[in-house]
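Just below is one structure, and these are the notes that go with it.
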Amino acid sequence: MTNTQLTLIQIDNYGPWTVTPEPRREVDLQTLQSRLYADLSQLFGNRDGYVFFSRFDNMVAVTNGIDEDAHALIQESIGNRYPVTVSLSIGTGETPATAIETASEQLQAAGSAQASDRREILRGEPVANPERTAEDVQIAHFDVNDATGKYTDRLNEFDTFINIEQSYAELMRYLRETHDSLSFFVGGDNIIATCPDLDAEQYHDAIDHVSEAVGVELKVGVGRAADAQSAGMAAKHALETCRYDGRDVVFGDR
């Protein structure tokens with residue numbers, strides 16, 4: 001059984017801020033969003049978490065092992081560096097979908113994302129240390145089989161992007177609906193998913209589904225650990241084993 005801890009990160013009052021006192025240049029907004037993501041990725045990453053950009057004004061972090069005080073320090077650091085603030089909501093559950101539902105409900109109960117008086121909310125209870133286990137987090141790192149040969153070196157960049165995004169969209173939907181997992185595109189041809197305790201057969205099923213639905217072939221390395229960074233590194237090493245011996249699914253601890 002996994003014991004997932006996720007943190008929903010939401011920029012406060014972002015929509016109104018982007019057009020006050022007049023609409024801001026899109027290039028400036030994109031720069032702010034990318035820098036904010038980079039800083040949050042480092043701040044949570046230094047504490048063994050993973051941050052995924054989602055829609056940029058909303059981000060999702062896997063934060064097992066990161067307590068409430070550390071969340072507050074991250075929040076304070078962002079408030080000191082940026083013209084916007086962020087609210088954080090910690091959700092836990094046996095599946096990532098359950099955890100993100102809890103985190104979302106807590107933040108929604110605190111007020112609208114566009115409410116000018118909702119600032120730097122911090123809600124939720126982290127997983128208590130006595131309840132943590134060495135297999136709380138399961139990270140699956142997918143990539144496209146021979147993406148360079150099939151797409152990058154043959155198609156123009158935009159058509160390559162369409163193929164990669166189609167595989168991501170189909171995998172994201174299927175894992176969410178079938179296994180309560182959350183998947184995130186992380187660049188190139190890579191997708192990282194936080195999952196409950198899935199087995200090899202279930203990963204094979206997901207890969208087969210994507211292949212049948214959109215014609216893109218995937219492979220996946222899976223890692224399990226007490227925190228996201230450790231699980232993610234185990235998944236990366238497992239994915240390298242996939243590339244080496246041609247298997248579609250490899251577990252880092254097997």
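Ordering VAL19, VAL62 from largest to smallest accessible area (1.4 angstrom probe), what's the sequence?
Largest to smallest exposure gives the sequence VAL19, VAL62.
The listed residues HIS237, HIS209, once ranked by accessible area (1.4 Å probe) with the largest placed first, stand as HIS237, HIS209. From most to least packed by mean Cβ count within 10 Å, the peptides 40-51, 74-85 give 40-51, 74-85. Charge dipole (Cα centre; +1 on Lys/Arg Cβ, -1 on Asp/Glu Cβ; no other charges) of region 1-133 amounts to roughly 340 debye. Taking Rh as the Kirkwood radius computed over C-alpha pairs, what is the Stokes-Einstein D of region 96-179 at 25 °C in a medium of viscosity 0.890 mPa s, expressed in µm² per second? Result for D is 144 µm²/s.
Under 10 Å, Cα contacts only: if you run a Gaussian network model on the chain, which one of ALA70, ALA193, ALA128 comes out with the highest mean-square fluctuation? Checking each option, the largest mean-square fluctuation is seen for ALA128.
When nucleic acids and ligands are ignored and a 1.4 Å probe is applied, TYR37 ends up with an accessible area of around 60 Å².
Taking a point 7 Å from the Cα of SER116 along the Cα-to-Cβ direction, the residues of region 8-52 with backbone N closer than 19 Å to it are 11-24. With each label modelled as a point 7 angstrom along the Cα→C-beta vector, the HIS237-GLN108 pair spans 4.1 nm.
With point charges of +1 on the Cβ of Lys and Arg and -1 on the Cβ of Asp and Glu, referenced to the Cα centre of region 107-173, which listed residue (GLN138, THR152, SER112) lies farthest in the positive direction of the dipole? Going by the charge dipole, the pick is SER112.
Note on ASP245 and ARG24: the model spin-label points, each 7 Å out from Cα along the C-beta direction, lie 5.1 nm apart. Dipole orientation for region 40-103: of the candidates GLY91, PHE52, ILE66, PHE52 has the Cα lying most toward the positive pole (charges on Cβ; Lys, Arg +1; Asp, Glu -1). Once all protein chains are placed together, ARG176 keeps about 90 Å² accessible to a 1.4 angstrom probe. Think of each Lys and Arg Cβ as +1 and each Asp and Glu Cβ as -1; about the Cα centre, that makes the dipole of the chain roughly 640 debye.
Between ASP146 and ASP197, the FRET efficiency estimated from the beta carbon spacing at R0 = 41 angstrom works out to 0.85.
Largest GNM mean-square fluctuation among ASN145, ASN190, ASN129, using the chain with Cα springs under 10 Å: ASN129. Report summary: the helix-based calculation at 222 nm, which adds -39500 (n - 2.57) for every DSSP H run with n ≥ 4 and divides by the residues of the chain, gives -14000 deg cm²/dmol.
Recomputing semi-axes √(5λ) of the Cα gyration tensor in Å from the coordinates shown identifies the correct label among [x] 29, 22, 16; [y] 31, 23, 15; [z] 33, 20, 19 as [y].
Accessible surface calculations at 1.4 Å, restricted to protein heavy atoms, place the chain at 47 Å² per residue. The alpha carbon radius of gyration of region 116-243, expressed as a multiple of 2.2 N^0.38 Å, is 1.20. The GNM of the chain, with springs linking C-alpha atoms under 10 angstrom apart, assigns the highest mean-square fluctuation among ILE121, ILE139, ILE192 to ILE121. Shown for region 31-139 is the translational diffusion coefficient from the Stokes-Einstein equation, using the Kirkwood radius over Cα pairs, a temperature of 25 °C and a viscosity of 0.890 mPa s: 169 µm²/s.
The values are calculated or read from the model by the stated rules, or taken from the named source; none is laboratory data. Bear in mind that the values here come from a model prediction, so they are computed numbers and not experimental data. Neighbour counts are summed over all protein chains in view; Cβ atoms, including those assigned to glycine, are modelled from backbone coordinates with ideal geometry. Accessible surface is based on the protein model in full, side chains and every heavy atom, while ligands, DNA and RNA are left aside. Shrake-Rupley method; radii C 1.70, N 1.55, O 1.52, S 1.80 Å.
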